[in-house]
Amino acid sequence: MAYRSFEDLEVWKRACKLAVCTYELTKDWRDYGLKKQMERCSVSIASNIAEGSERGGKDFMRFLRIASGSAAELRTQLYIARKVGLIQEELFQELVFEAKGVSKMLTGLIKSLR
């Protein structure tokens, strides 16, 4: 895998976009518990990719797995937000699709590092 910095990684770019979308989604929510948890885990995805990349070696794979877990956590929270009526179906589908895409990219990157 040839890259100079985590900023070159497409998965990091998509994870940042997902975090921004999450913040935009939740900016007017009054349910601060779910709001803050979704914001934290969405930021965690891109942050763990970056931190692991900078550390390198086995740490990179470990941090990619953590990022993958955060993506699953965000998907779970999106399902909950949808069920309680905080998200419209179309936007819910888009965000879940994007989160799954990031997860697949993380899985592929982990496999390529083995």
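Values quoted throughout were computed directly from the atomic coordinates according to the rules given, and no laboratory measurement underlies them. Computed from a predicted structure; not experimentally measured. We place every Cβ from the backbone using ideal geometry, glycine too, and count neighbours over all the protein chains shown.
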Longest principal axis of the chain (C-alpha) makes with the long axis of helix 32-55 (C-alpha) an angle, in degrees to the nearest 10, of 10
Rounded to the nearest 10, the angle in degrees between the Cα long axis of helix 89-113 and the longest principal axis of the Cα atoms of the chain comes to 10
Once the dipole of segment 8-114 is set up from charges on Cβ (+1 Lys and Arg, -1 Asp and Glu), the residue from the list 109, 42, 85 lying farthest towards its positive end is 109
With +1 on the Cβ of every Lys and Arg and -1 on the Cβ of every Asp and Glu, the dipole magnitude of the chain about its Cα centre, in debye rounded to the nearest 20, is 420
Calculating semi-axes √(5λ) of the Cα gyration tensor in Å from this structure picks out, from (i) 24, 22, 16; (ii) 30, 15, 10; (iii) 27, 13, 11, entry (iii)
Net charge (Lys, Arg +1; Asp, Glu -1) of residues whose beta-carbon lies under 10 Å from that of residue 27, residue 27 excluded, is -2
Taking Cα atoms only, helix 57-83 is inclined relative to the longest principal axis of the chain by an angle, in degrees rounded to 10, of 10
Filtered hits (aspartates and glutamates, Cα-Cα < 16 Å from residue 83, offset >= 8 within chain) -> 31, 73, 94
About its Cα centre, segment 48-92 carries a charge dipole, from +1 on Lys and Arg Cβ atoms and -1 on Asp and Glu Cβ atoms, whose size in debye to the nearest 20 is 200
For residue 111, the lysines lying under 30 Å Cα to Cα, once residues fewer than eight places off in the same chain are dropped, come out as 13, 17, 58, 100
